[in-house]
Structure formats: structure tokens, C-alpha cells
Amino acid sequence: MTSPALTVADLDDARRLLAGVAVTTPVEHSRALSELTGTEVHLKCENLQRTGSFKLRGAYVRLSRLTADERASGVVAASAGNHAQGVALAARELGIHAVVYMPSDAALPKVAATRAYGAEVRLVGQSVEDALAAAYEHARVTGAVLIHPFDHVDVVAGQATIALEILEQVPDVRTVLVPVGGGGLAAGMVAAFSQLAPHVHVVGVQAERMAAYPGSLRTGVAETVPVRSTMADGIAVARPGVVPLELLRHGNAEVVTVSEDEISRALLLVAERAKLIVEPAAATGVAALMAEPDGFDGPVVVVLSGGNVDPVVLLRVVRHGLASAGRYLQVRALLTDRPGMLADILLAIAREGGNVMHIEHVRTGPHLAIDEVEVVLQVETKGAEHQEALLEHLRAEGYRLAPGV
């Protein structure tokens, strides 16, 4: 397949179309990541874009280039969140009727936001794949134009406008780290930098549980990976887009993967040190940087692709990140069943600087003697070294800790 044409003129036209619609998002210097890597690191805050993600850019450019007849037929899209909101707002701005299919279990805040932007939302199925199938059928029956979230050159051109802003905001940038799902955002980065600043290295980052790109780039054929659960649901795409894959292949792009633990630790760092709330998918670039601090030439720009995270999900991910970073410790101890023993172990933990968050007190069980109780304590700590010191202190005090603790 010939690489899709995407010229500098296309990029300039996309930016012209987006003027007054998408905002120029800020770039924030990260002292914490700069100290970690020994080079300058900046965060491109697309989480502060209208609708809360970069998706508005591609959606608006795609819709604005429709013919009058296509606009009159309306548009249809499928998404669990960010693309839905981008299409909804773009359609409202352009006066186009939009129908968006979303999974039945889509987060309520995302459903509400999509409706608030003016789209007709229809809940169907249990996955984005189910919603996409419904959208294709809707397009077939009604003649509405299907707005794909990443597999169209106009969508890629819209996402590429982020690269134009980065070149103005960080002129000496050497590496750009960008989350990868279907690949539209990374393809836009590659298309822009390869023509305007070929020395800039674009590195895509996928969640290792749903990483279709590394194999696809090796073979040159879009491969489908099994659908697996990942906290980075915003980039959980089982098969690359044809257009993005070709652009990434011809641009010799690199795609790396990160684990769930690495994603959660990155999200925690962004929240604590940069004071920014992002969704797990948006933190994957930071995760790659933290996993390999010496692996990227600086200055580095990390694209934070979106901030539309369900508060319940955010709470779970932050807890996971705290545990991965050595900030939560679970202690299981066997105590003699007599008054004051629970108070004593709590005091021992407090003397060592641990903060007990939760207590489970088990008085009966097949593994307990008649005069024993088991306590399970969730303890907030200051890191791995503090955890080890706390456990050693408890052992020195004579407490019997369960195996593995």
C-alpha cells in the first residue's frame, strides 16, 4: 500500500480549520521527570483541550471537510468516551446531526457529556466493537457518514496540529512520547515531524496488555491481538488502523509497551508532582519515561492525551499506583487473643511512622489456634525502604507475620 498523502499544506489547512475551535494547549515543564532523566522534560497538556482530549482536533477536521450532501445526511460514530465527545462538539459547531453509539456500560459522565454537546446517544452492546458494528449498520441504512476515530487521513491531519504547536512551544525538542491505541495521534506526530523537523524522534507507547502495534510494524500487516482488560481503556484497540499503520511504518516510528503497574505509578506522579488529572491512557508516555529514564534523547515532550477519567476508576488506579510505588503495605499478623494485643501492634506500627488505613480482625478460622486471632492491616508508608524497616521492626518486637510479608 502506498503511504497516505499528508502534506505540509494539509497540516496548515487543518490548523486553519481548528482556529477558534480547538485551543492551543499549554506545555508544562516537569521538574520531577527532568531530575529523573537528566534532561528537560515537558508535558503537552491535551487533557486541557475542549472536551478533555485531543480527539476534538481530528473529529472537527474530518467533519469540516464533508461535502454539503454529506453534512445533510448526518454523521455517526462509535466510542466509549473521548471520540464521542469530540464528534458531538464538532457536529454541534458545524450544524450537523450526530448519532453516537456507546457501550451500555459506558461511564455515565461521558454519556452525559456527549449528550450535553448535542449528539443523539444510543447505548448498545457491551464493548466498543459492539457499538462500532451498530454504527456501521446505521451508516449503511441511513446514509450517514461514519466518522472513524483514527482510520482516516483527515482525522490524522487534525491530530497532527499538536506537533505544530509543540515545535513552537519547545523548538529544540528531540523526542516526543505519545500514547497509541488505533494510532491516529502518533501517525499525526510522525507525519508532521518527518516533514518539518525530521530530527525529532516519535515514540508511541501502548499498554502491554493490548499492544497490536509492535507486531504489526514488524510484519507490515495490521495484526489483531486478543481483547484484554487494561486500566488504559482509552487506547485498548485490538487492531491498528490502516492509514495510521502505513504512516508509522513509512516514518520508521518506534512503539514501546508499558505494564499496568508502570501506568498507575505514572498517573500518580502526574497527579502529585504536575498537579494534573489525566486518564490512565494519557499517562503511558510518562510511564515509558519512568521505566527507562536514560532511554530517550532530550528535550523530551510527553503528550498527555486526555483527562476524561471516571472518578471511581481514578480512585482505583491511584490506589494501585500507591501500592506499586511502595506507598501501601498489607501486613498479616497472628496475635494472641487477649485484650490489648491489637492496640500494641498499632502502636508499634505508629512508632515506626506507618499510618494504618484499614483493619480486618479475624477471630475464627481453620488456620487459627483457639487462642489466636489474625489481623490484616492496610498501612500507608513512605516507600519500599520504609516498608522494609517497618516489617523488620515488627519482627524484632516478636510479632508473627504471615508468610510472604
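Before we move on, is Met189 crowded, with 22+ Cβ neighbours inside 10 Å, under 25 Å from Leu123 (Cβ atoms) and not small (Gly, Ala, Ser)? Judged against the criteria, Met189 is not a match. For beta carbons closer than 6 Å, sequence separation of 6+ or different chains, a first residue in segment 5-27 that is assigned to a loop (DSSP other than H, G, I, E, B) and a second that is at pLDDT 95 or above and of a type in the set (Lys, Arg), the qualifying pairs are Ala22/Arg57.
Criterion first (β-branched (Val, Ile, Thr), touching a residue at least 60 places away in the same chain (Cβ under 8 Å) and surrounded by fewer than 24 Cβ atoms within 10 Å (Cβ to Cβ)) does Val205 satisfy it?
Numbers: β-branched (Val, Ile, Thr): yes; touching a residue at least 60 places away in the same chain (Cβ under 8 Å): yes; surrounded by fewer than 24 Cβ atoms within 10 Å (Cβ to Cβ): no.
In short, no.
In segment 353-372, which residues are open to solvent by less than 60 Å² (accessible area, probe 1.4 Å) and either touching a helix residue (DSSP H, G or I) at 6+ places or on another chain (Cβ under 8 Å) or not acidic (Asp, Glu) (or both)? Within segment 353-372, Gly353, Gly354, Val356, Val362, Gly365, Leu368, Ala369 qualify.
Taken over segment 372-400, residues that are farther than 21 Å from Tyr328 by Cα and touching a Lys or Arg at 6+ places or on another chain (Cβ under 8 Å) amount to 1. Report whether or not Val99 is touching a helix residue (DSSP H, G or I) at 6+ places or on another chain (Cβ under 7 Å), at pLDDT 95 or above and surrounded by fewer than 24 Cβ atoms within 10 Å (Cβ to Cβ). Against the criterion (touching a helix residue (DSSP H, G or I) at 6+ places or on another chain (Cβ under 7 Å), at pLDDT 95 or above and surrounded by fewer than 24 Cβ atoms within 10 Å (Cβ to Cβ)), Val99 qualifies. Every residue in segment 240-262 that is under 16 Å from Val176 (Cβ atoms) and open to solvent by 10 Å² or more (accessible area, probe 1.4 Å), please. If the condition is that a residue be under 16 Å from Val176 (Cβ atoms) and open to solvent by 10 Å² or more (accessible area, probe 1.4 Å), then Leu247, Gly251, Asn252, Ala253, Glu254, Val255, Val256 are the ones that fit.
Screening segment 33-53 for residues that are open to solvent by 20 Å² or more (accessible area, probe 1.4 Å) and among the hydrophobic types (A, V, I, L, M, F, W, C) and picking the one that is nearest to Ala271 (Cα to Cα) gives Leu48. Residues in segment 5-26 that are crowded, with 18+ Cβ neighbours inside 10 Å and in contact with a strand residue (DSSP E or B) (Cβ under 6 Å, 6 or more places away or on another chain): 1 in all. Within segment 303-317, the only residue that satisfies the criterion of being open to solvent by less than 20 Å² (accessible area, probe 1.4 Å), closer than 30 Å to Val173 by Cα and β-branched (Val, Ile, Thr) is Val303.
The values are calculated or read from the model by the stated rules, or taken from the named source; none is laboratory data. Here the structure is a predicted model, which is why all the values come from computation and not from measurement. With ideal geometry, Cβ positions are generated from the backbone for all residues, glycine too; neighbour counts draw on all protein chains shown. Each accessible area value is taken on the protein alone, full model and side chains, heavy atoms only, with ligands, DNA and RNA left out. Shrake-Rupley method; radii C 1.70, N 1.55, O 1.52, S 1.80 Å.
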